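To start, the structure itself, in structure tokens.
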Amino acid sequence: MKILESMLKNLIEVPKDVFEITNQKIIEVESFDQINTSTDLVIGHVLTCVDHPNSDHLHITTVDIGTKIEQIVCGADNVAQGQYVIVAQVGSVLPLDFKIKATKIRGVESHGMICSLKELGIEDKYIPEAFKDGIYYFDQPQEVGKPALDVLSLNGFVMELALTPNRGDLLSHLGFAYDLASMCGLKVNLPAPKVVETKTKNPIEVHIETYGCGRYYARHLSNIQIKESPWWLKSALIASDIKPINNVVDISNYVLLEYGTPLHMFDALKVQTNHIIVRDAHPKEKVVTLDDESRTLEESDVVITNGKEVIAVAGVMGLSNTMIDEHTTEVIIEAAYFDPKRIQKTSKRLGLRSDSSLRFERGIDDERVLLGLERATELMILFADAKVSQGISEASRYEVNNPTITISKDYINFALGTEIKEVELQSYFKALNYDVKVVDQSYQITAPSYRKDILIDADILEEIARIHGLNLIPLHAVDKPLLGKLSFKQKRIRALRHALADIGLNEIISYSLLKTDEVKRYHNLGEAVSVLMPLSEDMKTLRQSLINGLLETVKYNQSRQIESVSIFEVGHVFAKDKEITHLGIALSGPWHELPWKKEVITPDFYVMKGIVDRLFQTIGASFSYQTTSDIKSYHPYRQAHILYQNQVIGTIAELHPQEVKRLGIKPTVVLELSLEKLIDDQKELIYQGISKYPSISRDLAIVVGEEVPAGELIDMIKQTAKKQLVDLEVFDVYQGSHIETGKKSIAFSLVFNDTEKTLGSEDVDALMKKITNRLAFSYQAAIRS
């Protein structure tokens, strides 16, 4: 928001140190400069204008600048005798540090320059067509010698505020004036608009059929004359980066800047009826907005209609079917309060962000709506020759009231560490225009209607701190600083991160928001949760899996010729009433290479399984695996549930070839598991002495059906050998010649030991016989010789 001194001084006496006050007590100032940095510009009257004898395009003029008459050589085609022009005197400095000097141009002395608007630093897009290729001259006589910047309303400062989302009240000069008055003990001058009505009754009838509109006012004006706005009004718009269009449109934009009240001007004859109906849009209702774009609406959008067709998208943009043009003679002025959330949603979805929608989104002062309407009506009478029909058509659906906040009398001093006396505190409340009631030992405070951000006691505390002066709040050292430390859960997660990084994986942090139809592609946690106001449809719903982000990172890197991608993420996944910490890993492309041996380790299901088993072995957690084909995006025969304490906590899988093709990446193996039980389970460490007796190793190769999981065989072997089996590994799986079709050979390495005695061969043979008998009975296993 840009605050112009020329507009602000109409509302309040502007302090000389307004920049410092704003920065210290109101809000951060992003920039502060003069609207126009030109110096010594005056109004001049062209007395004579003749052609230059030595040029076919130059003119020699004599110009009265008040204190003297100067001879100036001018090259503009449109310069003529009798004009009132802008003169840069000798010694003047124009924008970009261009200094005016006395000179000779083709043998003729020239003392000064007659200026164009472009030479004053005004952008081409703001310059009227008649003056784009020449000097600027006034259409009415002006006081000769008067400072030209004053006449053009280009004098004074322009201060740009770095607004925060909660300070919607500062999106107008009046709102800023109120806050400046509070901080400086000044008074805001707000004269009542002067509106003279005719005896013709306002024909417009207004009806509200939606809770998206709180109140709606409409004025009817006739005898409208479309013409250019006065230069002071255009200057204010240009300084605020708004292009002047015509007097009617410019007036609505000016009131927006002045009072913060968004208005809309309808061509009354194009509306075709005397009915204004505010309703919700119909599903898939189509409209053509002022930018000539066709747009499809939703039920959440609020529209203005004439009872038959839509004539505006409420709070966002008007439509081409009722736009103001050079033939407009009757106008309906709309002033309304629309639901901020509805306007924000419509604006974002349609990609239409306007000055009006911004103010509606931040929350306008609903009590100032009528004031803005009357101010615009006053200006329409003055600059559009409008005749105002009698009465204001209005409708109201609900009122917007600020909450009443109760604080104890000692709350402010206790929280700020100050000793503000009650009389002084009461004066602060009055300066802030608060409605205050004293009840026992507390204050009941209601902020003025233009302060929509004062909602809780902390907001009041902040306001008192501002007006009292942040520099006056004492600083106190903390007597007993608390020593921070990591919780057990934090330590365990940090250890997991370090362990994964130590084996060569890179940690990523991916977005928590996804497309709605992508959320359950890799994991279904429950009912999906979507944000109400998404930045885009691609970032609308909270993720239920970390795999989405991991695979997007794989795709991003491999599309940039980085083939080997080994990454992990520790983050939260979400569903309704759920927020769970997950670990996700993705391996794609070569993992480890030994170029001198021409060896490459390509990650697969078993590499990933080895990583996770080893990773959690350090915290005493062991997993079992159960084959599954639940997730369609994974390979149907290379995915398994991860079980911990007989409960499924995650999945390990290779991507389905079709999923690999869809993403445009190399074959990838992924893992995702919940860390909730693992990081909260504080197991007591048990130390055990090393056995002093020798171990005996045996190998066992058996042939079983190819459908039998090795994990089930391992579990049965452990159950049978019990504590005397100290190590067990699978070292070979074979299918092929000498093995019956539908069968497979699995070879195990078993290590036996007893901590109390030396095991003999006969002891181990007995254990091996038990093992083979159970395997043969349960799985029809045959010992392979």
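The values are calculated or read from the model by the stated rules, or taken from the named source; none is laboratory data. Note that the coordinates shown come from a computational prediction; the quantities given were computed from them, not determined experimentally. Here Cβ is always computed from backbone atoms with ideal geometry, including for glycine, and neighbour counts include all displayed protein chains. These accessible areas exclude ligands, DNA and RNA; they are computed on the full protein's heavy atoms, side chains included. Shrake-Rupley method; radii C 1.70, N 1.55, O 1.52, S 1.80 Å.
Yes or no: W591 free of Cβ contacts under 8 Å to residues at least 12 places away in the same chain and aromatic (F, W, Y)? Criteria not met by W591. When V313 is tested against (1) open to solvent by 10 Å² or more (accessible area, probe 1.4 Å); (2) within 23 Å of I392 (Cα to Cα), just one condition goes unmet, and that condition is (1).
In the stretch 188-203 there is no residue matching the filter, namely being open to solvent by less than 10 Å² (accessible area, probe 1.4 Å) and of a type in the set (A, V, I, L, M). Scanning for something in contact with a Leu (Cβ under 7 Å, 6 or more places away or on another chain), open to solvent by 40 Å² or more (accessible area, probe 1.4 Å) and closer than 17 Å to N78 by Cα, does the stretch 118-125 turn up at least one residue? Yes, there is a match, as at least one residue in the stretch 118-125 is in contact with a Leu (Cβ under 7 Å, 6 or more places away or on another chain), open to solvent by 40 Å² or more (accessible area, probe 1.4 Å) and closer than 17 Å to N78 by Cα.
The one condition from (1) outside any strand (DSSP E or B); (2) open to solvent by less than 40 Å² (accessible area, probe 1.4 Å); (3) within 30 Å of F488 (Cα to Cα) that E659 does not meet is (3). Among the residues of the stretch 737-765, those that are surrounded by 14 or more Cβ atoms within 10 Å (Cβ to Cβ) and of a type in the set (S, T, Y) comprise S745, S749.
Listed here are the residues, each with its yes/no results for (1) at pLDDT below 90; (2) of a type in the set (S, T, N, Q); (3) within 27 Å of the chain's Cα centre (by Cα).
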residue	(1), (2), (3)
E330	no, no, no
A335	no, no, no
I343	no, no, yes
S354	yes, yes, yes
S357	no, yes, yes
D365	no, no, yes
L371	no, no, no
D385	no, no, no
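Considering only residues that are closer than 15 Å to E326 by Cα, touching a helix residue (DSSP H, G or I) at 6+ places or on another chain (Cβ under 6 Å) and of a type outside the set (A, V, I, L, M, F, W, C), which ones fall in the stretch 213-249? Result: Q225, K227, S229, P244, N247. The residue list S320, S354 contains one member that is touching a Ser or Thr at 6+ places or on another chain (Cβ under 9 Å), open to solvent by 10 Å² or more (accessible area, probe 1.4 Å) and closer than 26 Å to I454 by Cα, which is S354. No other residue among V607, V554, V573 is under 24 Å from H498 (Cβ atoms), under 25 Å from the mean Cα position of the chain (by Cα) and among the hydrophobic types (A, V, I, L, M, F, W, C) apart from V573. Among the residues making up the stretch 271-290, those that are in contact with a strand residue (DSSP E or B) (Cβ under 8 Å, 6 or more places away or on another chain), without any contact (Cβ under 8 Å) to a residue 60 or more places away in the chain and not in a strand (DSSP E or B) are A281, K284, E285, L290. Looking for something touching a Phe, Trp or Tyr at 6+ places or on another chain (Cβ under 8 Å) and assigned to a helix (DSSP H, G or I) - is there at least one such residue anywhere in the stretch 520-539? Within the stretch 520-539 (the criterion being touching a Phe, Trp or Tyr at 6+ places or on another chain (Cβ under 8 Å) and assigned to a helix (DSSP H, G or I)), the answer is yes, since at least one residue qualifies.
Every residue, every condition in (1) touching a residue at least 24 places away in the same chain (Cβ under 8 Å); (2) of a type in the set (F, W, Y); (3) part of a helix (DSSP H, G or I), yes or no:
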{"residue": "I381", "(1), (2), (3)": "yes, no, yes"}
{"residue": "A395", "(1), (2), (3)": "yes, no, no"}
{"residue": "T406", "(1), (2), (3)": "yes, no, no"}
{"residue": "A415", "(1), (2), (3)": "yes, no, yes"}
{"residue": "I420", "(1), (2), (3)": "yes, no, no"}
{"residue": "V423", "(1), (2), (3)": "no, no, yes"}
{"residue": "F429", "(1), (2), (3)": "no, yes, yes"}
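Summed over the stretch 71-117, residues that are more than 30 Å from S240 (Cβ to Cβ) and surrounded by fewer than 14 Cβ atoms within 10 Å (Cβ to Cβ) total 11.
The residue that is farthest from A268 (Cα to Cα), counting only those in the stretch 291-307 that are among the hydroxyl-bearing types (S, T, Y) and not in a loop (DSSP other than H, G, I, E, B), is T296. Checked against the criterion of being closer than 19 Å to D169 by Cα and open to solvent by 40 Å² or more (accessible area, probe 1.4 Å), the candidates L455, L461, L470 yield just one match: L455. Of all the criteria given as (1) within 26 Å of Q490 (Cβ to Cβ); (2) open to solvent by 80 Å² or more (accessible area, probe 1.4 Å); (3) among the aromatic types (F, W, Y), the one not satisfied by F574 is (2).
Tell me, please, whether a residue that is touching a strand residue (DSSP E or B) at 6+ places or on another chain (Cβ under 6 Å), open to solvent by less than 80 Å² (accessible area, probe 1.4 Å) and under 14 Å from L678 (Cβ atoms) can be found in the stretch 593-610. Looking through the stretch 593-610, none of the residues is touching a strand residue (DSSP E or B) at 6+ places or on another chain (Cβ under 6 Å), open to solvent by less than 80 Å² (accessible area, probe 1.4 Å) and under 14 Å from L678 (Cβ atoms). Taking the condition open to solvent by 80 Å² or more (accessible area, probe 1.4 Å), closer than 15 Å to G504 by Cβ and free of Cβ contacts under 8 Å to residues at least 40 places away in the same chain, does E579 pass? Considered against the rule, which asks whether it is open to solvent by 80 Å² or more (accessible area, probe 1.4 Å), closer than 15 Å to G504 by Cβ and free of Cβ contacts under 8 Å to residues at least 40 places away in the same chain, E579 comes out as no.
Residue count for the stretch 489-529, restricted to those that are farther than 25 Å from K555 by Cα and polar (S, T, N, Q): 1.
Counting only strands (runs of 3 or more DSSP E) that sit wholly inside the stretch 151-226, those with at least 2 residues that are under 27 Å from I343 (Cβ atoms) and either within 27 Å of the chain's Cα centre (by Cα) or not hydroxyl-bearing (S, T, Y) (or both) are 157-161, 205-208, 213-222.
Where strands (runs of 3 or more DSSP E) fall entirely within the stretch 82-130, those with at least 1 residues that are of a type in the set (D, E) are at 108-110. Considering only residues in the stretch 488-503 that are of a type in the set (A, V, I, L, M) and surrounded by fewer than 16 Cβ atoms within 10 Å (Cβ to Cβ), the one that is farthest from the chain's Cα centre (by Cα) turns out to be I503.
Going residue by residue through the stretch 267-290, is there one that turns out to be touching a Pro at 6+ places or on another chain (Cβ under 9 Å) and surrounded by fewer than 21 Cβ atoms within 10 Å (Cβ to Cβ)? Checked against the condition, which is being touching a Pro at 6+ places or on another chain (Cβ under 9 Å) and surrounded by fewer than 21 Cβ atoms within 10 Å (Cβ to Cβ), the stretch 267-290 yields at least one hit. On the stretch given as the stretch 690-736, residues that are surrounded by fewer than 10 Cβ atoms within 10 Å (Cβ to Cβ) and within 60 Å of the chain's Cα centre (by Cα) total 1.
Across the stretch 520-571, the qualifying residues are those that are among the charged types (D, E, K, R) and over 23 Å from I642 (Cα atoms), and the one among them that is most open to solvent (accessible area, probe 1.4 Å) is R560. Annotation: V554 fulfils all but one of (1) touching a strand residue (DSSP E or B) at 6+ places or on another chain (Cβ under 7 Å); (2) β-branched (V, I, T); (3) part of a loop (DSSP other than H, G, I, E, B); the unmet one is (3).
Conditions (1) loosely packed, with under 15 Cβ neighbours inside 10 Å; (2) part of a loop (DSSP other than H, G, I, E, B), marked per residue:
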{"site": "V14", "(1), (2)": "no, yes"}
{"site": "T22", "(1), (2)": "no, no"}
{"site": "E30", "(1), (2)": "yes, no"}
{"site": "D33", "(1), (2)": "yes, no"}
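Before we move on, is V726 modelled with pLDDT of 90 or more, part of a strand (DSSP E or B) and closer than 23 Å to I619 by Cα? Yes.
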